[in-house]
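The values are calculated or read from the model by the stated rules, or taken from the named source; none is laboratory data. Since we're looking at a predicted model, the values are computed, not measured. Counting neighbours? That spans all protein chains shown, and the Cβs are built from the backbone with ideal geometry, glycine included. What goes into the accessible areas is simple: the full protein's heavy atoms, side chains included, and nothing from ligands, DNA or RNA. Shrake-Rupley method; radii C 1.70, N 1.55, O 1.52, S 1.80 Å.
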Amino acid sequence: MSNTAICIRSLSFSYEAQSLPIFKELDLDISAGRRFGLFGPNGAGKTTLINCMTGLLQPQDGTVELMGRQLRTHDTSIRSVFGFVPQDFSFYHELSPMENLAFFGAWYGMQPKKIRERSKALLDVLGLADVANRQVGQFSGGMKRRVNLAIGVLHEPAILFLDEPTVGVDVQTRHAMIGYLKQLNAAGTTLLYTSHQLKEAEQLCNEMALFDHGRIIARGTLEQLLTENGATDLEALFIQLTGHDYRDG
Amino acid sequence: MFFRLRATMLKDLRILTRDRVGLTIMFVMPIVLAIVITAVQNSTFELVNDNKIPLLLCNRDTGDAARQLESAFQKLGLFAVKKADASLSDAGIASRMQEKDALVAIVIPRGYGSSVEARSAVVASQALASFGAGGDSTKKTVPAIENILLFYHPVLQQSFRASVQGALKSAMQLVESRSLLQSIYASLNEKAMPAAFEQQIVMNQSGITEIPVSRNGNRNIPNASQHNVPAWTIFAMFFIVISLGSSVVREKQNGSFLRLKTLPTSYLVALASKQLTYLAVTLLQTAVIFSIGVWLFPRMGLPALNLPSDGWGLLVVTLVCGWCAVSYAICIGVFADTQEQANGFGAVSIVLLAAIGGILVPSFAMPASFQGVIKVSPLHWCLEAFYGLFLEGGKLKDVMLNILPLLGITLLVQALTLYRLKRKNLI
């Protein structure tokens, strides 16, 4: 098995309506088993990059390899290599957690018995066992976040993409989710995580990169980055490297 | 792949059964429509055949012909005649009609009888002269007959007025013919025509037997249920655009679609699942509405629906119609960006397609300029296929010419859907 979980070479992407590319000839390698954080201001291109890595967007140029296999639009089998936890709630609110997991498990290509076992175990771990058969639409934001995470990790992926997975949750849920993600990583899953919760990122990530204007402007462990730039914490480093200006445009 | 499809169908079915509004639109609304429209059309039919149209009759004449006309109106059986006083003015008649005392009023003008008799005398004399049987051969001007006045309430539709006029003309024809015959008979025999003889000559002796043209020789006269139940079943099938179109848009709008695109299964499985699940829904709709037509309608005093003899033909036609309806709904959902777009365009387009397809107004009654447009509506082909089975007593082979264009439209709609999904990089 390749030691590199994610290998990006000369990746270029621009939206049709925009003249400037979001990123151009980007290279990025992430080793297997890392908890990699990708941070940057709004509009830096983080979500676009994740969408290119998950096949949601088709880059104009360059390649993405996941666990040594090249991502191609019409090769659906490679999609079982990774899991994705999008920022939006990505499930059916009319269904219960069990029913959602049964459906998404089938779409991952899992066997019915395996789906049942994994679903039960996941709902136990994430504290959703008691509401396993209630419609998700009635859940609190924190419970929905946990359902969102459970679906993303159901098939025990080699790589897990997490796009702001803890937005809007309380401290308890955040701690529980971070704890679970660390467990998952210890079991061998490579994490690629983006968030604006920089304190949370400090707890979770063992490697990180700051991404701005379509390129990586700093990369390393938290200690390395703080030492190299003379910053006290990740937030100070973030401001130091990306500036104080609004980035809404 | 079968397991994925089954799981997806189970998911769609669960979502569908938890959507109470969608279920109401798919099942309750068409049932109510079928019952109401059939009841309305049936009562219109009974109005013509059993019930009588209230008619205000004002006879301002005192002659025999006027009395005979009055009697002829009574005998037509079409009207419930209310006699008005001869002195009632036109304004008085209008006033009573505004109070909805009657929807139709007839005034026999003063001098009507004498004008009929005068005309009969002249025509009889000329006729006898032409036969060489006496009479007056000098060319006299044939006097005109005083016009009967027909007042009608503006709510009365044109087709209804035409029926009333037709009935009135037949009564007037009877009176004029009788008067002419009496004149000729009196001129030849110098005595009045015996009443029995007059009856033999004047009254219709031949009846009309209605024979519906059917392929299986069945001579049952089609009732309102035979016309309405299939028509509104088709409407119900296509109206699933509200539920299914919205479901596709909702799936696109919420995050589940985003996740589906990252999973190792083609979105074609989701499309196949929706088609099969909702095709089953259209079959269920048909079964429910037809069952109501067969068993519930007679208990409600409505004519029972008679199912076609070709059960397999009915199943195939229902499946093809259902598939077309489902394909159309998915296409609307795939092209729409919001639920409002899907619901608005979906509902309006179905009403329009139903209107030009003959569901609301019979196709044959449409203007000539519309006859080409009718064929664009899939509902037209569905209706023709169902009518071929229900009304003409045809079999599957007899309605193949309706099924083939329907399949053509379905494949076109499917192609449009796939093109859109391909353009959006979803398949």
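Inspection of region A:31-43 identifies no residue that is surrounded by fewer than 22 Cβ atoms within 10 Å (Cβ to Cβ), within 19 Å of A:Pro157 (Cα to Cα), at pLDDT below 85 and not aromatic (Phe, Trp, Tyr).
Taken over region A:24-44, residues that are within 16 Å of the chain's Cα centre (by Cα), charged (D, E, K, R) and farther than 14 Å from A:Leu66 by Cβ amount to 1. Only residues that are open to solvent by less than 60 Å² (accessible area, probe 1.4 Å), touching a residue at least 24 places away in the same chain (Cβ under 8 Å) and on the phi < 0 side of the Ramachandran plot were counted across region A:203-246, and they come to 17. Within region A:42-63, residues that are away from chain B (no Cβ under 14 Å) sit with their Cβ atoms under 8 Å from residues that are open to solvent by 30 Å² or more (accessible area, probe 1.4 Å) and among the hydroxyl-bearing types (Ser, Thr, Tyr), at 6+ positions apart or across chains, in these pairs: A:Asp61/A:Ser10; A:Gly62/A:Ser10; A:Thr63/A:Ser10. Looking at A:Val64, is it within 13 Å of the chain's Cα centre (by Cα), buried (at least 17 other Cβ atoms within 10 Å of the Cβ) and not charged (D, E, K, R)? When the stated conditions are applied, A:Val64 does not pass them. Answer yes or no: is there a residue in region B:370-391 that is under 23 Å from B:Gln41 (Cβ atoms) and loosely packed, with under 15 Cβ neighbours inside 10 Å. Checked against the condition, which is being under 23 Å from B:Gln41 (Cβ atoms) and loosely packed, with under 15 Cβ neighbours inside 10 Å, region B:370-391 yields at least one hit.
Counting only helices (runs of 4 or more DSSP H) that sit completely within region B:245-337, those holding 2 or more residues that are in contact (Cβ under 8 Å) with a residue 60 or more places away in the chain, open to solvent by 40 Å² or more (accessible area, probe 1.4 Å) and more than 14 Å from chain A (Cβ to nearest Cβ) correspond to B:267-291, B:311-335.
In the set B:Ser163, B:Ser170, B:Ser137, only one residue is modelled with pLDDT under 85, part of a helix (DSSP H, G or I) and surrounded by fewer than 16 Cβ atoms within 10 Å (Cβ to Cβ); that residue is B:Ser163.
Of the helices (runs of 4 or more DSSP H) lying entirely inside region B:1-87, those containing at least 2 residues that are open to solvent by 30 Å² or more (accessible area, probe 1.4 Å), away from every other protein chain (no Cβ under 14 Å) and modelled with pLDDT under 85 are B:29-49, B:64-76.
Of all residues in region A:199-237, those that are assigned to a loop (DSSP other than H, G, I, E, B) and under 25 Å from A:Ile8 (Cα atoms) total 5.
Does region B:198-227 hold any residues that are at pLDDT 70 or above and touching a Gly at 6+ places or on another chain (Cβ under 7 Å), and which are they? Within region B:198-227, B:Ser225 is the sole residue that qualifies.
Of all residue pairs spaced 6 or more apart or on separate chains, those with beta-carbon atoms under 9 Å, a first member in region B:180-200 that is assigned by TED's automatic domain parsing to the domain that holds B:Ala118 and open to solvent by 50 Å² or more (accessible area, probe 1.4 Å) and a second member that is among the aliphatic types (A, V, I, L, M) and not in a helix (DSSP H, G or I) are B:Gln182/B:Ala192; B:Gln182/B:Met193; B:Ser187/B:Ala133; B:Leu188/B:Ala133. Inspect all residues belonging to region A:119-131 and state whether any of them is closer than 14 Å to B:Ser256 by Cβ, in a helix (DSSP H, G or I) and either at the interface with chain B (Cβ under 9 Å from one of its Cβ atoms) or open to solvent by 20 Å² or more (accessible area, probe 1.4 Å) (or both). No, because not a single residue in region A:119-131 is closer than 14 Å to B:Ser256 by Cβ, in a helix (DSSP H, G or I) and either at the interface with chain B (Cβ under 9 Å from one of its Cβ atoms) or open to solvent by 20 Å² or more (accessible area, probe 1.4 Å) (or both). Checking each residue in region A:177-199 for being surrounded by fewer than 22 Cβ atoms within 10 Å (Cβ to Cβ) and at pLDDT 90 or above picks out A:Ile178, A:Gly179, A:Tyr180, A:Lys182, A:Gln183, A:Leu184, A:Asn185, A:Ala186, A:Ala187, A:Gly188, A:Thr189. Taking the criterion of being open to solvent by 40 Å² or more (accessible area, probe 1.4 Å) and within 14 Å of chain B (Cβ to nearest Cβ), would at least one residue in region A:81-88 satisfy it? Checked region A:81-88: at least one residue is open to solvent by 40 Å² or more (accessible area, probe 1.4 Å) and within 14 Å of chain B (Cβ to nearest Cβ).
Within region B:145-160, if we keep just the residues that are outside any strand (DSSP E or B) and open to solvent by less than 70 Å² (accessible area, probe 1.4 Å), the residue that is farthest from B:Asp90 (Cα to Cα) turns out to be B:Phe160. Count of region A:134-172 residues, restricted to those that are outside any helix (DSSP H, G or I), open to solvent by 30 Å² or more (accessible area, probe 1.4 Å) and without any contact (Cβ under 8 Å) to a residue 60 or more places away in the chain, is 6.
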